[in-house]
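Notes follow once the structure below has been shown.
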Amino acid sequence: MQGFLKEGAPARADAFAAEAEGLEALRPHVRVPQVLERGIRNGRAFILLEHLDLKRSGDYAALGRMLAALHRQTGLRFGWTRDNYIGLAPQQNGWCDDWTRFWRERRMLPQIELAERNGFQLTEPSYRLLENRRPQPSLLHGDLWSGNAGFTADGPVVFDPAVYYGDREADLAMTELFGGFPREFYRAYDEAFPLDAGYEKRKHLYNLYHLLNHLNLFGGGYLGQVKATLGRLQGLVD
């Protein structure tokens, strides 16, 4: 079997371990690359994945149905068995029974506090949009944008996860960032697992997490988008 090799400094070994565990958690429910091997070799951390002949576009309706099927897999609480990584950044996943508390303490506050240490002055958003939100803890990909999905001759594939149990809307919201997916993806998802009223407002709070992460990873080029989203959220709760 051909492999796709990812390497990094020894400190990346934990990130590759988290990636492998996430892929194995998703495997029973969605198509993902098989993990062939991981560890440290010749002073380098590595993960060897199944090589797939991926295309950038394909049956987006099938991808929407696949994601809906994943989100019907639920847990008892929000979080995950371990912390992992969102891109290159650590992501906290300590278990929590309350979704709003989880989103604030495990997602928003770590990013806002890091942004402040990086020299950006930001206001914490209101969480009133989540006041009456009581979602089931769905199994999430966690980092699902167009760059982390592809298509083989057999159908859609997802990869590079940041897995946890959370509100399925957080996964769907991220698919709208950085170019988004075609309309047929969203139509198929909603037919398979209809969205709740209010998603169009809540998605901005969920996507703020990823925008903050990009601000912290890549710098001030994302500051305008972060501030615009904070302003939009304030307008939605005023």
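Here are the numbers for this structure:
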| quantity | calculated |
| --- | --- |
| Residues of segment 105-135 satisfying the condition of being farther than 22 Å from N216 by Cβ, touching a Phe, Trp or Tyr at 6+ places or on another chain (Cβ under 9 Å) and in a loop (DSSP other than H, G, I, E, B) | R133, R134, P135 |
| Any hit, segment 110-122, residues being crowded, with 20+ Cβ neighbours inside 10 Å, at negative phi and of a type in the set (D, E) | no |
| L63 part of a strand (DSSP E or B) and either of a type outside the set (D, E, K, R) or surrounded by fewer than 16 Cβ atoms within 10 Å (Cβ to Cβ) (or both) | no |
| Any helices (runs of 4 or more DSSP H) falling wholly within segment 137-238 and containing at least 1 residues that are of a type in the set (D, E) and surrounded by 17 or more Cβ atoms within 10 Å (Cβ to Cβ) | 168-174 |
| Residue check, F102 in contact with a Cys (Cβ under 6 Å, 6 or more places away or on another chain) and either assigned to a loop (DSSP other than H, G, I, E, B) or under 30 Å from D238 (Cα atoms) (or both) | yes |
| Pair list, Cβ < 7 Å and 6+ apart or interchain, from segment 65-91 residues that are closer than 17 Å to F159 by Cβ to residues that are in a loop (DSSP other than H, G, I, E, B) and aliphatic (A, V, I, L, M) | M66/V30; L70/V30; N84/A162; N84/V163; Y85/A162; I86/A162; Q91/A162 |
| Search result, residues across segment 75-104 that are touching a Phe, Trp or Tyr at 6+ places or on another chain (Cβ under 6 Å), of a type in the set (A, V, I, L, M, F, W, C) and within 26 Å of A13 (Cα to Cα) | F78, W80 |
| Complete set of residues in segment 15-45 that are free of Cβ contacts under 8 Å to residues at least 24 places away in the same chain, part of a helix (DSSP H, G or I) and open to solvent by 30 Å² or more (accessible area, probe 1.4 Å) | E24 |
| Selection count where residues are within 17 Å of L140 (Cβ to Cβ) and either in a loop (DSSP other than H, G, I, E, B) or over 13 Å from the mean Cα position of the chain (by Cα) (or both), scope segment 83-96 | 7 |
| Test result for K203, basic (K, R) and closer than 17 Å to D143 by Cβ | yes |
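For (1) out of contact with any helix residue (DSSP H, G or I) (no Cβ under 7 Å at 6 or more places or on another chain); (2) aromatic (F, W, Y); (3) over 17 Å from A170 (Cβ atoms); (4) modelled with pLDDT under 95, each residue gets a yes or a no:
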site	(1), (2), (3), (4)
I40	no, no, yes, no
H71	no, no, no, no
R77	yes, no, no, no
Y85	no, yes, no, no
L88	no, no, yes, yes
D98	yes, no, no, no
F102	yes, yes, no, no
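The values are calculated or read from the model by the stated rules, or taken from the named source; none is laboratory data. Because the structure is a prediction, the values reported are computed rather than measured. Backbone-built Cβ (ideal geometry, glycine too); neighbour counts: all protein chains shown. Note: accessible area is taken over every heavy atom of the protein model, side chains too, but ligands, DNA and RNA are not part of it. Shrake-Rupley method; radii C 1.70, N 1.55, O 1.52, S 1.80 Å.
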